[in-house]
1. With respect to the numbered conditions (1) out of contact with any helix residue (DSSP H, G or I) (no Cβ under 9 Å at 6 or more places or on another chain); (2) within 19 Å of residue 233 (Cβ to Cβ), which one is the sole condition not fulfilled by residue 118?
2. Quick one: would you say residue 150 is out of contact with any helix residue (DSSP H, G or I) (no Cβ under 7 Å at 6 or more places or on another chain), within 26 Å of residue 241 (Cα to Cα) and either assigned to a helix (DSSP H, G or I) or touching a residue at least 24 places away in the same chain (Cβ under 8 Å) (or both)?
3. Taking into account only those residues within the stretch 24-43 that are surrounded by 13 or more Cβ atoms within 10 Å (Cβ to Cβ) and over 19 Å from residue 215 (Cβ atoms), which is modelled with the lowest pLDDT?
4. Restricting to helices (runs of 4 or more DSSP H) lying wholly in the stretch 161-246: which have 2 or more residues that are surrounded by fewer than 17 Cβ atoms within 10 Å (Cβ to Cβ), at pLDDT 50 or above and in contact with a strand residue (DSSP E or B) (Cβ under 9 Å, 6 or more places away or on another chain)?
5. Restricting to the stretch 88-106, and then to whatever is free of Cβ contacts under 8 Å to residues at least 40 places away in the same chain and either in contact with a strand residue (DSSP E or B) (Cβ under 7 Å, 6 or more places away or on another chain) or exposed (fewer than 13 other Cβ atoms within 10 Å of the Cβ) (or both), can you tell me which residue is nearest to residue 130 (Cα to Cα)?
6. For the stretch 248-279, name all the residues that are exposed (fewer than 13 other Cβ atoms within 10 Å of the Cβ), modelled with pLDDT under 80 and closer than 27 Å to residue 137 by Cα.
7. From (1) touching a strand residue (DSSP E or B) at 6+ places or on another chain (Cβ under 8 Å); (2) at pLDDT below 95, pick out the condition that doesn't hold for residue 53.
């Protein structure tokens, strides 16, 4: 086969994969309003994978994590850190309906786990965990904690987990269909997987992180926390990533471009912070 024919064949594989993702029961949605920061990207969600189903699946995993921490005496319900995180999260959660009204009906939960991990997350449906290592080792102030938790809440509001699951399902369906149609060998299919990963999945992942940065920034500002804390937070995280990066950094890379994007968005949300901070 000529190089030109081989190139066309590979292009057809990618086209089929791309079409499969869009046609495999996916719907174009926008999970949140754009807010002052202007997050307007349409998202493709697999229609049979409902938000309620994803929330229930994650809630089971969340309770298991809490149960394991509790059995080891690591679930922190009463320390100063736990009280701080709960109070900060409550203020952020109160602002979540600004981006999606139904978040007011979510069964939000906030928990702190004693661990040296520099980590935090907010899963589907508003299930928040903050690890004490993130607060203590980085010596985070309230506004910096708000920047972390706001970022994680933004992932939940945008349903980035369901979006990733939908994409993975679509890729798998399209991959199987393309292989059956074209009789592709394992090497060709591996190439197609690599193309999809780098041309579609990874850029969207970076886009998701940027969306969480921006929405988290606005949530913090609306809750009365100085949005400039997002810059000091990521600078601290960047320093902590020297050598072996902490778990949080593996999915939340602190880069110069990320900090620049946050700095560019701060003027958009500063009036919200100033209004919220007024006595």
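The values are calculated or read from the model by the stated rules, or taken from the named source; none is laboratory data. Because the structure is predicted, anything quoted here is derived from the model rather than measured. Reconstructed Cβ throughout: ideal geometry from the backbone, glycine too, with neighbour counts over all protein chains shown.
1. (1)
2. On the way: out of contact with any helix residue (DSSP H, G or I) (no Cβ under 7 Å at 6 or more places or on another chain): no; within 26 Å of residue 241 (Cα to Cα): yes; either assigned to a helix (DSSP H, G or I) or touching a residue at least 24 places away in the same chain (Cβ under 8 Å) (or both): yes.
No: the conditions fail for residue 150.
3. First pass over the stretch 24-43, keeping only residues surrounded by 13 or more Cβ atoms within 10 Å (Cβ to Cβ): 24-26, 29-37, 39, 41, 43.
Pick out the ones that are also over 19 Å from residue 215 (Cβ atoms) and you get 24-26.
Values: 24: 50, 25: 65, 26: 74.
This residue is 24.
4. On the way: elements: 186-196, 202-222, 229-240.
Hits in the stretch 161-246: none.
5. Only one residue tops the list, namely 90.
6. 250, 251, 255, 256
7. Here residue 53 clears every test but (1).
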